[in-house]
Structures are given as C-alpha cells and as structure tokens.
Amino acid sequence: MTSLSATIQGVFNEANCVENANKSAAARKKGCTKQLQPGGAAGGCAFDGAKIALQPFTDVAHLVHGPIACEGNSWDNRGSASSGSDLWRRSFTTDMQEIDVVFGGEKRLYKAIREIIRKYDPSAIFVYQTCVPAMIGDDIDAVCKIATAKCGRPIIPVNAPGFVGSKNLGSKLAGEALLRYVIGTQEPDYTTPYDINLIGEYNLSGEFWQVKPLLDELGIRVLSCISGDGRYGDVACSHRARAAMMVCSKSLINVASKMKERYGIPFFEGSFYGIQDSSESLREIARMLIERGAPAELMERTELTVAREEAKARAAIEFFKPRFAGKKVLLVTGGVKSWSVVAALQEAGLEIVGTSVKKSTMKDKERIQKLMGHDAHMIEDLTPREMYTMLKEAKADIMLSGGKSQFVALKTATPWLDINQERCHAYMGYLGIVKLIEEIDKALYNPIWDQLRKPAPWDDADVSWKAKSLAQVDVATVDIDPNLGRVEKDRCAKSAFRCQNLDLGVTKESVVALGSTTVDDIAQHTEAPDVCGASERAIADMTAAQPTSTQQAAE
Amino acid sequence: MAIVTSSNKACSSNPLKMSQPIGGSFAFLGLRGAMPLLHGSQGCTSFGLTLFVRHFKEAVPLQTTAMSEVATVLGGYENVEQAILNIYNRTKPEIIGINSTGVTETKGDDVEAFIRLIRQKHPQLEKLPLVYVSTPDFKDAFQDGWEKTVARVIEVLVDPVDAAAPRDLSRVNVLPGCHLTPGDLDELRTIFEDFGLRPSFLPDIAGSLDGHIPDEFTPTTIGGIGVDEIATMGQAAWTIAIGAQMRRAAEAMQARTGVPFRLFERLCGLVPSDVFIASVSEISGKPVPPKYRRERGQLADAMLDAHFHIGGRKLAIGAEPDLLFDISSMLYEMGAQLTAAVTTTASPVLERVRIGEVIIGDLEDLEELAKTRECDLLISHSHGRQAAARLNIPFYRAGFPMFDRLGAGHQLTVGYRGTRELIFDLANLIITDREDNRQPTPDTWRITDNGLHVVPPRPN
C-alpha cells in the first residue's frame, strides 16, 4: 500500500526524463512543475489532468467522487472520438452534499458504483478522487477494492485530487493507476510480431484515424492505445506489445518507461504532426519492431509507403507556397507541437516569427533551434497583453494557439487557428498537415479581415460630418433656388410623413394645442383614417420636442 | 400545483447542475473592471473559465488562489493575500470578487477575517473594493451562487441613503436573474430608455460579455456596471427584480436604502410582457410608445401562426428554476403539454410549474422520463444534446452552458420581441424535425389489431 505522496515522489523521480537527470536530489523532490502562483495562475488541476489522460477510454464508466463542481462544470468538453461505445461521454458523479462532507462519502461512492453497474454494465469503472473527499479522508482505494470483489469487475481508483498539483502531474498519476491496476491483468487472444502500443495519444477529432490506415497497410497492429479510442481490455493486455511510441512527450512518460522496465517494451518519443515527423515515426516503429523480431522486409515496405505519402503531401502543399510567401506566423503552443508544427509550416513557405517554449523540454528547444536557426525567436512565457500588442502591431499575420488565447488574437482582427485539444479539425499525419495548411490559407485569405480593420465611418477623423451635411444642403438649395419660397410652403402642405392621410401642419397644431401624444389621439383630432409607422415616429419626435406645451395642454 | 421531489440516486448521471461558486463569479463578471477570484484549487477556476469561454466565445477574467494540499490543510490566508496582491499589481482591477469553493469551505477558511487582516497589512488596498461570498460547491447550484453574490454586492457596495431624501424618479435599479442573456439585458435597457427611464443593471453582463471589441487590451472585465454607479443605486425610485431568485437582492436593496421593488418572475409570454410593460409605464408616468403596441401585435400574430406547431407538443425541460418556470409557462400558454421537468435547486416558483411533479435531479432523470412519457420536444442547456440524440426528438438549447452553438449571448426571450423570437425558433425546429424525420410512408397507418392510439388531451 503506497501513499499518494509516495506515488507523487515516485513520479518526480522519473529516470527517463532528460531534465530530471540534470537535477539535484533536492530539486527533483520538488517536482517538475512550476509552483502555482495565487492570483496569477492559469491551467487545470491534477484531477483535470487525470481525466484528460483516461477519459478517452470508451467502454469505461468514469465516476467522479466529489461535489458537483469537478464534474458538473467540466463534462463532455473534449473532442476525442470513439469507434465504439459512447459510455465515456456519459457523466457520473457522486455530487457530494454537505451531509456527505460531514459523515463521509464512502457509502455514497459505493452505492454509486452499484448503480452504474446495474444501469450501464460497463467493462470497468474508473473512480476519480477530488479535493473535498481527499480532505475529509474518504478512502477510495478501499472502496474500490471492496467494490471490485463484490461486483466482479475492475473498479479502478485514480488518486489525483486537484490540489496535489498541475494537470501534467495528474496525467502521470492517472498513468500510475493504469500501471498498478490495469496493465498486465489480462492476456490478448493472440499476438503478432507487429504489435505496438501508443501512449499519450488521445484521438482528438478522430485524428489518429488519419494515421491508422498507414499502419494497417504496413500490417502493424495497435495492440493498445492509451487512451484515444481505447478499450479497457486492450490496455489490460498492452504488456504484450513489442514496441511503444510515446506521442505526447511529457504527460505519460512514466507509463512508457515503467512498461520498458517491467515488460521490456522499448519505446521512443515521436509525433505524427508534420511530414518529416510522421515519416520518422513510421520508420522508428518499423525499426523497433524489426529489432524485436519482425521480418526485415517491414522497413522496405515502410520506406515505400513513406515515399509515396510524402510525395502526395508535398505536391499538395506546393500549391500553397506562392500564397504563403512573406506570411508570418506566431505559434503559441506547448511541448511537442512547437517543433513538429514549425517544420511543417516552414515547408509550406511560412515564416515563423515566434514560438512559445513554455511547456517544451530542453530537447524540444534544441530541435526548434536546429529548425529555425540561431535567431530562433523562442518565447518563454507570453502574457495576453504582450500577445495583444504583438498582434496589434501586426508582427504576425496569423496566430496558432490553444483556445484560451483565441480571443486575444481575434479581437485584434488577426487570423487565428486552434491547434490544441478543443479544436474540431484533425491535423495528424500526411493528410492532417495538408489540412492544417488549407485551414491556415482559409484563415489568412478570408475577406473579413480587410473589412474589420477598416474604421467605422464615424471614427474617420478627417471627415467633418457637419461640413458634409451642409454641402449636401447647398447642392439641394442651388437646384431649387428660384422657387425657394414656394417649395417651403409645399413641403408643409404636402403630407410630409409619406403617409397620405396626415398633414404636418395640422399635426403640429394638434400636438401643440391639444397635447395629443399618441397616434390615436392625433388620428382622431386630424380625422386621418389611418396612420403609418413613419408618422408614428415623427409624432413621437414632435411630442418629445413639445414637452411644455403638451403638459400645459394636458392640465 | 407541482410536487417538488429530489432524485434519491447516489450517482448523479449527466448532471444538469453547475456549481454555486461559478454562479457567483458569473455575477461578478457583470461588474466593470472586475476580477472574480475563486478561493480553491486551480481546477475550480480552470473548469469554470473554460465553461464561460465556450459559452460566450469571449476572453473571460477569472483567477484562483491556487490552493495546494498543504495550504488547504493549514489554511489559505497566505494564498488569499498573495492572490489579491498579484491581481492588484498586475491587472489594476476596480473590484475583486471572491467566492469560496468546496475545498476551502470544508477546511472552514474565514475569508472575511482574512480580508480585514490583509487590508490592515497593505494600506494600498484601502480603497479597493473586495467582496467575499461564501459559496460551497457541496450545497445549492449555479443560480444560488448568483443570487447570494448579487445580494452581497448590494450589502457591501451600495451607499446607505437617508430615507427622507428625494429620489431620482427617472432612475430604476434592475436586478436580472442569471437566466437572462446579454441580449435580454440590452432589450430591457431599450425598453426602459424608451420610457424615459435610466436603468442601472446589477449585474450588467451585457456590458462585459456581449462580444463587443474593446479599443485596447483589458485583463479585467471590459464593461459592466461600475462600482461608483452601484454606490448610488439607493437614489433610484424603484428596483425591478427579474426572476424569483432576485428577491433576496431586491430585499437587501430595500433594507439598505428603502428603495421599493417590484419582482417579475416571468418576462416571456404575452401576459407577463403586458404586466411588465404596463408596470414600466406606470413607474415612468409615460404612455406606452407605439413601438411596443406594434410589437404586441406582432407577438399575437406569431402566437397565431405558431400554435399549430407548438400546441399539443409534449415538452421535456431541464433548466434552473427561474428559466424552467418562465419558458415552460410560456409554452403551456401556447398549448404545449409540460410532460417532464427537471431542475437543479429549490425555489418557490417550482410548485407553480404547470406539471404534476418537478424533480430536482439530472439529465439522466429527464431522459428517462422523456422516453417513458414519449416527449417530442426537449429543452435544456447544451449537455442535453446526447439525450436528445438518443431520443431522436427536436432539441432546443436554453440556459447555461450553450457551448456547441454560436450566439448564446444574444439569445432573446424577454418582452414581446423576445417571446416572438423564441416562439418562431421553436416552431421552426418542430417543422424541420417533421420534414426531416416524420414523413409518412404507406406503412404509417397500416391497420393493426390494437385499438386506435389516442394521445390523451391536456388536463386543464
């Protein structure tokens, strides 16, 4: 039985982390995430991170033990895609009440587990701990252990209450739960020399399906994906894979490295964003599988596929090059995406004026430098105000970032594209990068930008509206000068309301003398059978202009 | 008369309810230059923030005291102090609005005392308004957080006035419930102004979350009612409260300043709009402008055109009490049959909902009822989309959050014009559904041995 704090320390001691290797023992103990600053913090909590990492498992019920905020405010907010069950999109929470806080929520949690099994019969339940029950001492490990025994199916505690740290730490703690309770608990029906695991791939917008056909073509089987479009049974037997690819570089490194340690599954960090990365990743998968006993001809087939797909993608991108000449991009995103997207954008002829490296590792930064040269403009941390100024001064033609800074860009009337988890387009593999380029082109050349950057007519300082108005009057006056007197009289006599039935003069009289304030009154007094809308407005104006006389008349 | 029952499940599934603290922050978002602050762990803020951003498609200021495990156990004084100082130094707010969360309430942090200590220690904060409201997650719902926060803002920020002093007859205070959108507030503003009144909206989310583009970057709210204007609300002749949830705030205003209030539980529908417009006319002493006479006629016409489609519909609705009461009553008055109603928290209006039973529960309850009672129109916030898809019935999004459609901030339901728009939207939804999904086939009316299926008429 290990305590939560011991687990956290274990996570901080991650041996395969390059940064960790360079730290002193004391620094390592402090962990890899920045201390959170009250009043200046952004980003999710550990529970958020745990949920991100595990929720894409589709045939599992995700039960959040806590008050309504943790689940009620956050459910159904991610765009992972499932090819099977939709159970993962349903939301389950114990919605703890005051009485549970006083008397403890364990019984309620147990009952909730029974209810879910009775109604939805899931293959497993993940139970997430949150701050309030952690604080009052609800022992979810114990409840899950009893429930597993009584219900005859795995009930997995995910012990990552929000206040233990950042999202990143929460993802790692979720990984620990998988390592401890799930991975290696079942055996696959059969194995092949081409079985791999994907770790940290969440199938956002179904983007992994842009890559999967290539793996299918090569005969490579994804034994388990942690966790995009994942199934509980697949993860449980993921220990039989021959090799693993870690897709999102920081969040689940502990899973990859412990699986290497325990089951001898080698892994590499890779990405499917961008042409070059996609090719490298496919080659690396092939190389690792061959090393572990797959026939060497796999590499030849991989090279053929890579060459074919690269040629297709390059041909597609070529079309955009002239349109992107001289266009500048500001890239604000984390980690692995910075360098993999940089390469792809450069290939399309875009100039990168800055890329954020807030969440990037040293290795990520080295790669960026390699790609962009020594004058690489790496931004450690960009405040919204700095971002706003940069865009307002048109230092970039388009910004690519996550949803949170979206409105900073849009409000400066700068094209913007979402490349983080809430986005609705899939950008993976060769297909995906072409899609990204298409989207950038659509954003850059949308006709709205020119319209939005034009000032409103009244904001044009050079125009004097009074002068304009007088000029108009002058023109009119010149035309009708000889008959000026008659025209004025005509204007009064004519039904000035464009309503045939009312005479302006009579109406004015009615308003002033009798205090008529409503259309009905006036219609009655002037004996007009019908009054149109324009008249109503004019009368309203007139009434407003005659306050004293109407009041007097009324009295 | 409806009986109000609570679902007795241990597991809430597909929650309808949002938490109380973010309802409180939402109220602070309607104040100008405000920075709402949640006293809790980072996630409390980050989830709320994401929710607001997805709903309004706007940048939303919302901060956290970033409580760690250790800080939570030892008490959050330092975190509150640091958060206030950081916000004060970085964003120069006109007000910081603090709501507690479940985790700091479990510990029992005395934030009012913290604030007093912080003010003593940092004299530069002397003039900065700091309003604290206790809003634990494990009690009540979104609407309650809003209600408590508005009442507290009045208690703290409105200057007391001499009851004998003359009042400004052209000024009205408007206390809108959280079920009104920025679009609704703008509509109400126009109505008051057309009667020559100057309204002060508290909170005024139309000023901050209507989507307008500010001239320069502002890290706090970009509009809303100013602290200075709130201070003078005691000089108004009347307070207009909208939604039963605002009774507490209206009473607080009356207790503090003697300003009498009128409470309008509903603003959607012909009769409620008549009552409202007549009342505004009475308060202002001005006749109803022709514009509203025409709008009334347009609404009457819309009701005539739409009753063919809405009449007889079996409605399943999940919403917070005031929204539920308002929309379901309007549809009842259009001939719809209210068949399933689920809400989030207790309220005096619930027993007047035109149905036998209102359940305080979740969207799973609503889905099950809608299924067994064969409802053919579902209304709830965006989270109802999964249920509607499974039930294969038309789905209208109303309430917060509405994250999967655009224009949430401008959805209009108040007054003659708002009711007219809502009626057209719903009728069109029903027509579309009939065209797409309910076309008859030669088999639709095949003779069977069963008796003829009769939909029982609505009990009156």
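A few remarks follow.
- Positions within region B:38-50 being surrounded by 24 or more Cβ atoms within 10 Å (Cβ to Cβ) and facing another protein chain (nearest Cβ under 7 Å), in sequence order: B:41, B:42, B:43, B:44, B:46, B:47, B:48
- Of the criteria (1) at pLDDT 95 or above; (2) over 24 Å from residue B:216 (Cβ atoms), which one residue B:88 fails: (2)
- Residue match in region A:404-421 (condition: aromatic (Phe, Trp, Tyr), within 14 Å of chain B (Cβ to nearest Cβ) and within 21 Å of residue A:341 (Cβ to Cβ)): yes
- Across region B:227-248, the number of residues qualifying as hydrophobic (A, V, I, L, M, F, W, C) and in contact with a His (Cβ under 7 Å, 6 or more places away or on another chain) comes to 0.
- Residue in region A:288-304 that is hydroxyl-bearing (Ser, Thr, Tyr) and either over 26 Å from residue A:315 (Cβ atoms) or under 26 Å from the mean Cα position of the chain (by Cα) (or both) present: no
- Any hit, region B:201-208, residues being within 14 Å of another protein chain (Cβ to nearest Cβ), touching a residue at least 12 places away in the same chain (Cβ under 8 Å) and buried (at least 24 other Cβ atoms within 10 Å of the Cβ): yes
- For residue A:47, the criteria (1) under 15 Å from residue A:129 (Cβ atoms); (2) more than 7 Å from every other protein chain (Cβ to nearest Cβ) hold in every case but one, which is (2).
- Entry remark, region A:120-140: residues being assigned to a helix (DSSP H, G or I), more than 8 Å from chain B (Cβ to nearest Cβ) and free of Cβ contacts under 8 Å to residues at least 60 places away in the same chain number 1 in total.
- One residue stands out among those in region B:260-294 that are closer than 20 Å to residue B:180 by Cα and charged (D, E, K, R): the one that is nearest to the other protein chains (Cβ to nearest Cβ), which is B:274.
- Strands (runs of 3 or more DSSP E) lying entirely in region B:197-279 (those with 2 or more residues that are closer than 24 Å to residue B:319 by Cβ): B:236-242, B:261-264
- Checking the stated criteria, residue B:114 turns out to be among the hydrophobic types (A, V, I, L, M, F, W, C), surrounded by fewer than 24 Cβ atoms within 10 Å (Cβ to Cβ) and more than 7 Å from chain A (Cβ to nearest Cβ).
- Taking the listed residues A:435, A:442, the one that is away from every other protein chain (no Cβ under 14 Å), more than 15 Å from residue A:333 (Cβ to Cβ), surrounded by fewer than 21 Cβ atoms within 10 Å (Cβ to Cβ) and touching a helix residue (DSSP H, G or I) at 6+ places or on another chain (Cβ under 9 Å) is A:435, with no other qualifying.
- So residue A:64, is it more than 8 Å from chain B (Cβ to nearest Cβ), among the β-branched types (Val, Ile, Thr) and either over 21 Å from residue B:47 (Cβ atoms) or part of a loop (DSSP other than H, G, I, E, B) (or both): no
- Some residue of region A:108-118 being in a loop (DSSP other than H, G, I, E, B), at the interface with chain B (Cβ under 8 Å from one of its Cβ atoms) and surrounded by fewer than 24 Cβ atoms within 10 Å (Cβ to Cβ): no
- Residues (touching a Leu at 6+ places or on another chain (Cβ under 6 Å) and either acidic (Asp, Glu) or within 24 Å of residue A:293 (Cβ to Cβ) (or both)) located in region A:198-215: A:199
- Subset of region B:277-304 [out of contact with any helix residue (DSSP H, G or I) (no Cβ under 7 Å at 6 or more places or on another chain) and within 18 Å of residue B:199 (Cα to Cα)]: B:278, B:279, B:281, B:282, B:283, B:284, B:285, B:286
- Scanning region A:227-270 for residues that are at pLDDT below 95 and among the aliphatic types (A, V, I, L, M) yields A:246, A:247, A:252, A:253.
- Residues satisfying the stated conditions in region A:164-190, i.e. within 23 Å of the chain's Cα centre (by Cα) and under 21 Å from residue B:104 (Cβ atoms): A:165, A:166, A:167, A:169, A:170
- Residue match in region B:312-326 (condition: in a loop (DSSP other than H, G, I, E, B), modelled with pLDDT of 95 or more and surrounded by 24 or more Cβ atoms within 10 Å (Cβ to Cβ)): yes
- Residue list for region B:11-36, filter: out of contact with any Leu (no Cβ under 8 Å at 6 or more places or on another chain) and either facing chain A (nearest Cβ under 7 Å) or of a type in the set (Phe, Trp, Tyr) (or both): B:12, B:17, B:19, B:26, B:28
- For region B:292-310, taking the residues that are among the charged types (D, E, K, R) and within 27 Å of the chain's Cα centre (by Cα), the one that is surrounded by the most Cβ atoms within 10 Å (Cβ to Cβ) is identified as B:295.
- Those helices (runs of 4 or more DSSP H) of region A:174-281 in which 2 or more residues are at negative phi and charged (D, E, K, R) occupy A:212-218, A:253-263.
- In region B:124-154, the residue that is nearest to the other protein chains (Cβ to nearest Cβ) out of those that are of a type outside the set (A, V, I, L, M) and farther than 27 Å from residue B:326 by Cβ is B:138.
- For region A:201-221, residues that are farther than 22 Å from residue A:313 by Cβ and within 27 Å of the chain's Cα centre (by Cα) total 1.
- Selection within region B:51-99: residues that are within 8 Å of another protein chain (Cβ to nearest Cβ), under 27 Å from residue A:72 (Cβ atoms) and in contact (Cβ under 8 Å) with a residue 60 or more places away in the chain. The member of this set that is surrounded by the most Cβ atoms within 10 Å (Cβ to Cβ) is B:51.
The values are calculated or read from the model by the stated rules, or taken from the named source; none is laboratory data. The structure displayed is predicted, hence computed values, not measured ones. We place every Cβ from the backbone using ideal geometry, glycine too, and count neighbours over all the protein chains shown.
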